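The values are calculated or read from the model by the stated rules, or taken from the named source; none is laboratory data. The structure displayed is predicted, hence computed values, not measured ones. Quick reminder, even Gly has a Cβ in these numbers, built from the backbone with ideal geometry, and neighbours come from all protein chains shown. Surface areas here come from the heavy atoms of the whole protein model, side chains and all, with no ligands, DNA or RNA. Shrake-Rupley method; radii C 1.70, N 1.55, O 1.52, S 1.80 Å.
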Amino acid sequence: MELSIVISLFNEVESLPELVAWIGRALEGKVSSYEIIMVDDGSTDGSWDKIVELSASCPQIRGIRFRRNYGKSAALYEGFAAAQGDIVVTMDADLQDDPEEIPEMMRMIREDGYDLVSGWKRKRYDDVLTKNIPSKIYNATARKVTGIKLHDMNCGLKAYRNEVVKNIEVYGDMHRFIPYLAKQAGFGKIGEKEVHHQARKYGKSKFGLERFIHGFLDLMTIWFLQKFGKKPMHFFGAMGTGTFLVGFVITLWIIIEKLIRQGAGRPFRAVTDQPLFYLALLAIILGTMLFLTGFIAELISRSNQDRNRYNIRERLR
C-alpha cells in the first residue's frame, strides 16, 4: 500500500461526499494504491451511515466508529494503528484541507528524506480574533518550548513515514504536538510545506478559544513528561534539595546570630519571634515534601513496563 489517508471526523455528514470525490481527483494517476481511513468520533448526524454508503462505491474507504466522542487524539491513534500505507497523511473532514497538496508532501518524504511534513496555512480563512491571533501566539510559544521551527504546529494536514505513526502514542489532546512526539521518538527530520486553506463550507468549528488554554497546559505536560518522565527525581529531587537547603541555612543563620548576640550581652530577638524563621521552616517542609514526591514518582516510574522501551532504527545481524 502506497498511501493511507487518516481522517478524524465528528458530525461532518454534509462534507464527506465532496471530500471523497476531491481526494479521488487529486490522487488520480499520481498514487498507485491508497486507502482512506475515516474515524467517526461518535457523530450523531448520520456521518457513519454516509461512510457506509460511500464505501459501497469506493472500495478504498475503511471506517472506524467510536461509541461516543473521545476526541481527535483517540481518533488519530486508532487510525494510525490501522494504517497500512508506506506514507500516512492526516487531514480534517471539513473541506478546509486541500487534498491537492498530498502528492507534493509525499514527494518531500520520499525524495527529500523527511520523516514528517507539516502543513502551514499562511493565509487562513478563520476568524481573526478567535483563531488567527491566538494561533500565532500559541505557535510562537510551541516553537520556543519544543525547539521545532514550524509556523503551524497544529495544522491537520500532515504527512508521515509509516514508522513514525507506529512509534508514537497520541493520547489526551496530544494531537496538537505530534511533531514534538515524533522528534522525541527519534524522528528529527521534520519539514514544512505551505498549503492552501479553504473557508469552512458546512457546519461550524468544533473548537473554541478554550483549546488554546488547554493547548498551553498540554504543551507543559508533554515537555515535562518527555524531559523527566523516566527520571522524575531529577526534577523533584533537585527542587526539594535546593528548597530544603535554603530553609536550613536561613534557620541555622538565625539561631547562630541569636546565640552570638546573647553571648555578647547584646539585645536579641527570640528565634520564634522572627517571621523569617517561619518562612525558613516552611521551605524545609516544602523541600522535604518535594524530595519525597520525587522518590515516590521514581518508584512508580521504575515499575512502569515501558521504562526500557526505545525506538530502534535498525539491527545488524
Restricting to the range 70-90, count the residues that are open to solvent by 80 Å² or more (accessible area, probe 1.4 Å) and of a type in the set (D, E, K, R). 1
Within the range 60-72, is there a residue that is in a helix (DSSP H, G or I) and more than 20 Å from Val195 (Cβ to Cβ)? no
Taking the range 36-57 as the search range and keeping residues that are of a type outside the set (Phe, Trp, Tyr) and open to solvent by 50 Å² or more (accessible area, probe 1.4 Å), which one is nearest to Ala21 (Cα to Cα)? Ser57
Residue ID - least open to solvent (accessible area, probe 1.4 Å), chosen from residues in the range 148-175 that are of a type in the set (S, T, N, Q) and farther than 21 Å from His196 by Cβ: Asn162
From the list Arg67, Arg62, pick out the single residue that is at pLDDT below 95, open to solvent by 20 Å² or more (accessible area, probe 1.4 Å), farther than 23 Å from Phe177 by Cα and not small (Gly, Ala, Ser). Arg67
Applying the selection to the range 183-197, what residues are within 22 Å of Asp97 (Cα to Cα) and either at pLDDT 90 or above or open to solvent by 60 Å² or more (accessible area, probe 1.4 Å) (or both)? Ile190, Gly191, Glu192, Lys193, Glu194, Val195, His196
Condition met for Val52 (in contact with a Ser or Thr (Cβ under 8 Å, 6 or more places away or on another chain) and hydrophobic (A, V, I, L, M, F, W, C)): no
Could you please tell me which pairs satisfy a Cβ distance under 8 Å, a separation of 6+ or placement on different chains, a first residue in the range 176-187 that is closer than 13 Å to Ser73 by Cα, and a second residue that is part of a loop (DSSP other than H, G, I, E, B)? Arg176/Met153; Arg176/Asn154; Phe177/Met153; Ile178/Ile168; Ile178/Val170; Leu181/Ile168; Leu181/Glu169; Leu181/Val170
How many of the residues making up the range 27-66 are within 24 Å of Arg107 (Cα to Cα) and under 23 Å from the mean Cα position of the chain (by Cα)? 2
Give the range 26-35 a look and list any residue that's open to solvent by 20 Å² or more (accessible area, probe 1.4 Å) and either within 19 Å of Tyr202 (Cβ to Cβ) or part of a strand (DSSP E or B) (or both), or say none. Tyr34
Only one of Lys258, Lys227, Lys206, Lys231 that is under 23 Å from the mean Cα position of the chain (by Cα), surrounded by 15 or more Cβ atoms within 10 Å (Cβ to Cβ) and modelled with pLDDT under 90: Lys206
Residues (part of a helix (DSSP H, G or I) and open to solvent by 30 Å² or more (accessible area, probe 1.4 Å)) located in the range 1-17: Pro17
Look at Val20 and say whether it is open to solvent by 10 Å² or more (accessible area, probe 1.4 Å), in a loop (DSSP other than H, G, I, E, B) and aliphatic (A, V, I, L, M). no
From Ala270, Ala264, Ala238, Ala280, which residue is surrounded by 13 or more Cβ atoms within 10 Å (Cβ to Cβ), more than 23 Å from Ser303 (Cβ to Cβ) and of a type in the set (Gly, Ala, Ser)? Ala280
Select from the range 109-129 the residues that are open to solvent by 60 Å² or more (accessible area, probe 1.4 Å) and assigned to a helix (DSSP H, G or I) and write down the one among them that is modelled with the lowest pLDDT. Val128
The lone condition Gly46 fails out of (1) at pLDDT 95 or above; (2) on the phi > 0 side of the Ramachandran plot; (3) not basic (Lys, Arg) is (1)
